[in-house]
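The values are calculated or read from the model by the stated rules, or taken from the named source; none is laboratory data. Note that the structure is a prediction, hence the values are computed from the model and not measured. Note that each Cβ is placed from the backbone with ideal geometry, even for glycine, and that neighbours are counted across all protein chains shown. Calculation scope for accessible area: heavy atoms of the full protein, side chains included, ligands and nucleic acids excluded. Shrake-Rupley method; radii C 1.70, N 1.55, O 1.52, S 1.80 Å.
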Amino acid sequence: MSTSSRGSYTAVLPVAGLGTRFLPATKATPKEMLPVVDKPAIQYVVEEAVASGIDDVLFVTGRSKNALENHFDYAPALEGVLAARGDTRSLDELAKIVDMAHIHYVRQGQPLGLGHAVSVASKHVGRKPFVVMLGDDLIDASTPILQTMIATHEKLGGSVLCLMEVDPTEIHLYGCAQIESTDTDGIVRVTGVVEKPTAEEAPSNYAIIGRYLLQPEIFDVLATQEPGRSGEIQLTDAIETLINSNAGGGVHAVIFTGKRYDTGDKMSYLQSVISIALEREDLGPALRTWITKKLANDI
Ligand code: G1P
């Protein structure tokens, strides 16, 4: 990697979920492996980590995630065939996936919730700040939000969340933050968080999206965290404790205003495929022409 001061954060990617929102596609295929154009969704997330200077990735996995592990590993039989064909372009593409980061795995065991998934990363991470990236959240690469979060942590200390303003009718789908402004545009102090509140309970329209920079004190909180909403050990509840105790130096957030897709949701997934394909030089122009004709009922 060309980055000198980079690589000091571990990115923890919880991927043990069953993907029930996307059945039947996810019956035998991990939801993280659903293709967005020609790459599995999870590869975009790892690439985002790498683009922010992170080269240590810990997947928190569960049963039936072999395809994901195989994707980030060498594939000797396939590579042999490509080499015999002289297909260096594909070989390079495959090598990049394996070489882009140090990838590690730990099993979650029981599916006790996002907070529990993060807690099993504790041994690997140690007593250092670290990043959590949720695989369902696909964030447009032109907004390097993780870099802004890292810079915010390095300036202000403490933990850093990523918030996005959503319609009040959607806030019940997210963790929600109560915030105060700071001297810096786009950076707020978080004074409280609540997991999936009703529109009436919600302290704001700011939703927590799937990027977190957390202080290791979160592990101490998670070790005794009681189950919360849906009977699961919620990361949001542990963050609320961090805020109240000021452990690890308080919580700030950056406000995300770019494009984000929830690849676990069918409509948002379709939007991600179309948007990313439209932006691609090799596919975009022809796809645009086709969509235009299709919408005009020409084909
Ligand atoms: C999780 C978190 C939630 C957050 C969301 C972002 O919920 O618990 O606080 O807002 O991710 O995608 P999930 O979508 O896993 O239900």
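Name the residues whose placed amide hydrogens come within less than 5 Å of the amide hydrogen of A207, ignoring near sequence neighbours (fewer than 5 apart) on the same chain.
For A207, whose amide H was placed from the backbone, the distant partners under 5 Å are M164, E165, V166.
What ranking, highest mean first, results for peptides 181-189, 34-42 when packing means the other Cβ atoms within 10 Å averaged over each residue?
34-42, 181-189
Based on alpha-carbon atoms only, what is the radius of gyration of the chain relative to the globular estimate 2.2 N^0.38 Å?
My calculation over the Cα atoms of the chain gives 1.03.
Starting from the amide H of D55, placed 1.01 Å from N in the peptide plane, find each other amide H under 5 Å away whose residue is 5 or more places distant or on another chain.
Hits under the 5 Å cutoff: G7, Y9.
If you average the C-alpha positions of region 32-55 and of region 241-298 separately, how far apart do those two centres end up, in angstrom?
13 Å
Go through region 247-264 residue by residue and turn each phi into a ³J(HN,Hα) via Karplus (6.51, -1.76, 1.60, θ = phi - 60°); whole Hz please, and just put x for glycine and proline.
5, x, x, x, 9, 10, 8, 9, 8, 8, 10, x, 8, 9, 10, 9, 6, x
Would you mind telling me the share, in percent, of accessible area of the chain contributed by carbon and sulfur at probe 1.4 angstrom?
Answer for the chain is 52 percent, counting heavy atoms of protein chains only.
For the chain, report the accessible area per residue in Å² (1.4 Å probe, heavy atoms, rounded to an integer).
Accessible area per residue: 50 Å².
List the GluC sites (Glu not before Pro) within region 59-105 that fall in a DSSP loop (any state other than H, G, I, E or B) and whose Cβ has at most 15 other Cβ atoms within 10 Å.
Answer in residue order: no site qualifies.
What are the semi-axes of the equivalent ellipsoid of region 133-259, taken as the square roots of 5 times the eigenvalues of the Cα gyration tensor, listed largest first and rounded to whole Å?
Numbers: eigenvalues 80, 68, 39 Å².
Ellipsoid semi-axes (Å, largest first): 20, 18, 14.
Relative contact order of the chain, please, whole-number percent, based on alpha carbon pairs below 8 angstrom and at least 6 residues apart.
Values: 531 pairs, mean separation 61.7, N = 299.
Relative contact order for the chain comes out at 21 percent.
Where does region 244-299 land on Rg(C-alpha)/(2.2 N^0.38 Å)?
Ratio of Cα Rg to 2.2 N^0.38 Å: 1.87.
When only DSSP loop residues count, what GluC sites (Glu not before Pro) in region 201-299 have their Cβ near at most 15 other Cβ atoms within 10 Å? It would help to have the intermediate numbers written out before the result.
Working: sites: E201, E217, E232, E240, E279, E281; in loops: E201, E232, E281.
For GluC sites (Glu not before Pro) across region 201-299 that sit outside H, G, I, E and B with at most 15 neighbouring Cβ atoms in 10 Å, the list reads E201, E281.
At 222 nm, what helix-only mean residue ellipticity would the chain give, in deg cm²/dmol to the nearest 500, using -39500 (n - 2.57) for each DSSP H run of four or more?
-10000 deg cm²/dmol
Would you please name the trypsin sites (Lys or Arg not before Pro) within region 70-154 that are DSSP coil residues with at most 11 other C-beta atoms within 10 Å of their C-beta?
R127
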